[in-house]
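Engineer: Pasting in a structure now, in structure tokens, and then I'll have a few things to ask.
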Amino acid sequence: MSLSSQHRGQLSPMSALVALVVVCVAVSGYATVLDRSLPTPERNLAPATLDAVESALSDDAGIVEVSRLPAALDACPDGYSCRLVVAVDDERHVGGTDASPTDVPHSADSATTQVSVRTHPGRVGFGTLRVEVWA
């Protein structure tokens, strides 16, 4: 057997260990990212849902149209119940699952933001948009 064929296909132990560590770090990094991206019961869904609902309710100028409230329920995450409340002046417009505050569990995630709301044609008031999300 020639001298060159004795060393063919061999790898130093240090290189093999370094390669093994790199593969392990890559797999654990992938698992960590995947775990954080999956929805869990502890995950607060309300802020992301609030952004989606606000986009669905707003017209091109960014003013909330209360008439779009039923269509905005499509922005709620699949598999979850939502309740939407738009409050402006002394009026409250509510949409969602059984639209009653007594039906919302205490464990529901909620988020609130200030919005401009068209109350009548040509009249815009400052109001509050509240989203409550629960499983």
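Engineer: Tell me whether region 93-114 contains one or more residues that are in contact with a helix residue (DSSP H, G or I) (Cβ under 7 Å, 6 or more places away or on another chain), at positive phi and small (Gly, Ala, Ser).
Structural biologist: Among the residues of region 93-114, at least one is in contact with a helix residue (DSSP H, G or I) (Cβ under 7 Å, 6 or more places away or on another chain), at positive phi and small (Gly, Ala, Ser), which makes the answer yes.
Engineer: May I pose another question? Need pairs with beta-carbon distance below 9 Å; first residue closer than 11 Å to Val124 by Cβ and within region 57-68, second aromatic (Phe, Trp, Tyr); sequence gap 6+ or separate chains.
Structural biologist: none
Engineer: A further question follows. Do any strands (runs of 3 or more DSSP E) entirely within region 22-135 hold 3 or more residues that are of a type in the set (A, V, I, L, M, F, W, C), open to solvent by 70 Å² or more (accessible area, probe 1.4 Å) and at pLDDT 95 or above, and if so, which? Walk me through it before giving the result.
Structural biologist: Values: elements: 81-88, 91-96, 109-120, 123-134.
By residue number, no strands (runs of 3 or more DSSP E) qualify.
Engineer: Those residues that are touching a residue at least 60 places away in the same chain (Cβ under 8 Å) and over 11 Å from the mean Cα position of the chain (by Cα), I need them from region 25-52; list them, please.
Structural biologist: Listed by number, the list holds a single entry, Pro41.
Engineer: Considering every residue within region 63-76, establish whether at least one is touching a Ser or Thr at 6+ places or on another chain (Cβ under 9 Å), more than 16 Å from Asp51 (Cβ to Cβ) and polar (S, T, N, Q).
Structural biologist: No: region 63-76 contains no residue that is touching a Ser or Thr at 6+ places or on another chain (Cβ under 9 Å), more than 16 Å from Asp51 (Cβ to Cβ) and polar (S, T, N, Q).
The values are calculated or read from the model by the stated rules, or taken from the named source; none is laboratory data. Keep in mind it's a predicted model, so treat the numbers as computed, not measured. FYI the Cβ positions are ideal-geometry reconstructions off the backbone, even for glycines, and counts take in every protein chain you see. Areas reflect the complete protein model, heavy atoms only, side chains present, ligands, DNA and RNA absent. Shrake-Rupley method; radii C 1.70, N 1.55, O 1.52, S 1.80 Å.
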